[in-house]
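Please read the structure below before turning to the comments.
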Amino acid sequence: PTSSVCLLDSKDAGASTDCAHTLDSIPGPSSWPLFGSLIELIRRGGLRRQHETLIHYHKKFGKMFRLKLGSFESVQIGSPCLLEALYRKEGNYPERLEIKPWKAYRDMRDEAYGLLILEGRDWQRVRSAFQQKLMKPTEVMKLDGKINEVAADLIKRIDRAQVEGRMDDLYFELNKWSFETICYVIYDKRFGLLQDTVSREAMDFITAVKTVISSATTKHYIDKNLERDSKEEAGNFLSDIYHQGNLSKKELEPVLSSHASKLLKPSTANSMLWVIFNLSRNPSAQSKLLREIQSVVPTGQSPRAEHIRNMPYLRACLKESMRVSPSVPFTSRTLDKDTVLGDCTLPKGTVLMLNSQAIGANEEYFDNVKQFRPERWLEEKSSINPFAHAPFGIGKRMCIGRRLAELQIQLGLCWILRDYEIVATDLEPVDSLHSGTLVPSRELPVAFVPR
Ligand code: HEM
C-alpha cells in the first residue's frame, strides 16, 4: 500500500496550502507504551538490520511514516519529491539530530565542536571556510597528485599482501588507504600505513584517533603543518584555510577530528569495498569500465582528475554501487520551523530521517532495483530524479567530503583495474549490516588476479 502523503511527484511537492494531515495522521508501525516499535525492530533483526526494517516499513506505509523507538520519535521520509520539497524549504542553518554525548565531551574538555555537530552561525562560518577547498571541483582536482601517490602504495600493498589473489583483511587495507590519503591531503603528512611495517608514530596517531580523540595529537600536526608552511611560504590545504583568517587553530582541530571520526566509520573505504564487490559480481560492467580507463588514460601514465571528467562509465559505476550498496543509508534533520511536506504540516522540532537507501531500493524510481546496471545513469532518456540519488545527503549540510571521496575512489579504481581483474570467489549472498556505516556481513569473496 502507498501512504496518503506526498502524492505530488512534481517540483511543487509541499507547496500545497491544503495541508489536511498532521503528525498524528501519519501512518506507521504499531507503537507500544514506553517501547514504541522497538520490540518489533529487534524482532526483525535488531539495530544491525534496522536499514532493512526501514525499507520494509517504507514499502508498507509509503513515502512518509512515523516511527517511535523508546522515547525517540521520528518521521521517516523516502521519496525524491519529499527530499526536494525539504531542500526547497531549507533555512540558512539546517540542523541534524543532536549528538549530545559528543557535545558534552567537547564541552567538558573546552574544545570547539566540529562541522558534524556545529549549529547555526558557527556551523556556517566553519563550513564556508572549508567549502571553497573541499567542494569546488577545480580545487579538489588539484589533490589528484597526493591521492595518486597513496593509490600507488595501495597497489604495491595488494601486490605484496595477496595470496592467490586474496587479501587477508581487505577492509583494513582500504581503511589504511583512506586514512593515509586524508591525512596526506589535510595534514600534508605521510604515515606510511600501507608499508609492511608501520612506524611507531603512525600507530600512536591511529590510537589517538581511535580513542576519540586526544586532540593534542591532531593539534600537534596542525601546529607543525602551519609552522612549516609559514617558513616555506608555500600554500597547503590547512594553512590556506587558516590564513583566510576566519577560523582559529582551535576551530581547525575539531573539523579534523570529525574527518578523523569519519575514519573510524570510514565511509570512503566502505564505499570502495562495495564497488569492488559489485564489480566482482558483474564482470561485463568491469570489462566495459576497463576499456574506458584504457581508452582515456594513456598507458604508463597516472590517471588524473581531468581524465575522470571523460569517464562517464566510471562515474556511473560509483553512483550505481552507492545506490545498490550505500555506506550511509540515511541522515537526519531537525525542523527549525513548522514545515509543510507533501500534504502534511510538521511542527518545529520534528526529527526527519531522510532515507536515501530506501529511495534507491524502490521500484517506483529504479527498474530492477537489485540489478547493478551503471548504464541506467547514462541513458539519454533517463528519468532518474536528481533527488533519487542522495548518498551524501542534501542541501547546505550535504557531506563536505563528497568530491574528495568520489575522486579518491574513482582514481583508486583506475589504479586497481589497470593491474588486476577483480574476481568473485563465491556467489553466495553478502548482506549488509549497520554498524555506523553499512558493512558486509562477511569477508568479501573477491580475489585480485594480476592482468
Ligand atoms: C556529512 C556521507 C566521506 C566529512 C555526511 C553525510 C553523509 C555523508 C550522508 C550527512 C549529510 C547530510 O546530513 O545531508 C559520506 C560518504 C562518504 C563520505 C558516503 C564516502 C564515500 C567523507 C569524507 C569526509 C567527510 C572523506 C572528510 C573529508 C563529512 C562532514 C560532514 C559529513 C564534515 C558534516 C557536514 C556538515 O554538517 O556541514 N557525509 N561521507 N565525509 N561528511 Fe561525509
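The values are calculated or read from the model by the stated rules, or taken from the named source; none is laboratory data. Note that the coordinates shown come from a computational prediction; the quantities given were computed from them, not determined experimentally. Backbone-built Cβ (ideal geometry, glycine too); neighbour counts: all protein chains shown. The protein model used for the area step is the full one, side chains on, heavy atoms only, and it has no ligands, DNA or RNA in it. Shrake-Rupley method; radii C 1.70, N 1.55, O 1.52, S 1.80 Å.
Among the residues of segment 156-169, those identified as on the phi < 0 side of the Ramachandran plot and open to solvent by 10 Å² or more (accessible area, probe 1.4 Å) are 156, 157, 159, 160, 161, 162, 163, 166, 167, 168, 169. Counting the residues of segment 126-155 that are within 16 Å of the ligand (Cβ to nearest atom), open to solvent by less than 40 Å² (accessible area, probe 1.4 Å) and charged (D, E, K, R) gives 4.
Considering only residues of segment 170-184 that are among the hydrophobic types (A, V, I, L, M, F, W, C) and modelled with pLDDT of 90 or more, which is surrounded by the most Cβ atoms within 10 Å (Cβ to Cβ)?
Here the residue is 177.
Scanning segment 129-157 for residues that are over 14 Å from residue 411 (Cβ atoms) and either small (Gly, Ala, Ser) or in contact with a strand residue (DSSP E or B) (Cβ under 8 Å, 6 or more places away or on another chain) (or both) returns a single hit, 129.
Checked against (1) within 16 Å of the ligand (Cβ to nearest atom); (2) open to solvent by 30 Å² or more (accessible area, probe 1.4 Å); (3) of a type in the set (Lys, Arg), residue 337 meets all criteria but (1). Pairing residues of segment 316-329 that are more than 13 Å from residue 440 (Cα to Cα) and free of Cβ contacts under 8 Å to residues at least 60 places away in the same chain with residues that are among the aromatic types (Phe, Trp, Tyr) and within 14 Å of the ligand (Cβ to nearest atom), at Cβ distances under 7 Å and at least 6 apart in sequence or on separate chains, gives 321/274. Scanning segment 36-63 for residues that are touching a Ser or Thr at 6+ places or on another chain (Cβ under 6 Å) and in contact (Cβ under 8 Å) with a residue 40 or more places away in the chain yields 61, 62, 63.
Scanning segment 342-360 for residues that are within 21 Å of residue 388 (Cα to Cα) and within 16 Å of the ligand (Cβ to nearest atom) gives 351, 352, 353, 354, 355, 356, 357, 358, 359, 360.
In segment 266-320, which helices (runs of 4 or more DSSP H) lie fully inside it and hold 2 or more residues that are open to solvent by less than 60 Å² (accessible area, probe 1.4 Å), modelled with pLDDT under 95 and of a type outside the set (A, V, I, L, M)?
Details: elements: 267-281, 283-296, 305-309.
Where helices (runs of 4 or more DSSP H) fall fully within segment 266-320 and carry at least 2 residues being open to solvent by less than 60 Å² (accessible area, probe 1.4 Å), modelled with pLDDT under 95 and of a type outside the set (A, V, I, L, M), they are 267-281.
Taking the criterion of being buried (at least 17 other Cβ atoms within 10 Å of the Cβ) and either at pLDDT below 60 or over 13 Å from residue 176 (Cβ atoms) (or both), the residues of segment 188-213 that qualify are 188, 208, 209, 213. Among the numbered conditions (1) within 16 Å of the ligand (Cβ to nearest atom); (2) over 20 Å from residue 271 (Cβ atoms); (3) among the aromatic types (Phe, Trp, Tyr), the only one that residue 365 does not meet is (1). I'm trying to understand the selection: among the residues of segment 341-372, which are open to solvent by 40 Å² or more (accessible area, probe 1.4 Å) and either over 28 Å from residue 97 (Cβ atoms) or among the small types (Gly, Ala, Ser) (or both)? Of everything in segment 341-372, those that are open to solvent by 40 Å² or more (accessible area, probe 1.4 Å) and either over 28 Å from residue 97 (Cβ atoms) or among the small types (Gly, Ala, Ser) (or both) turn out to be 349, 363, 367, 368, 370, 371. Looking only at segment 417-449, count every residue that is over 15 Å from residue 274 (Cβ atoms) and in contact with a strand residue (DSSP E or B) (Cβ under 6 Å, 6 or more places away or on another chain) and tell me the total. The number of residues fulfilling the criteria is 7. Cβ-Cβ contacts under 6 Å between residues 6 or more apart (or on different chains), taken from a first residue in segment 382-401 that is on the phi > 0 side of the Ramachandran plot to a second residue that is near the ligand (Cβ under 6 Å from one of its atoms), are listed as 393/331; 393/399.
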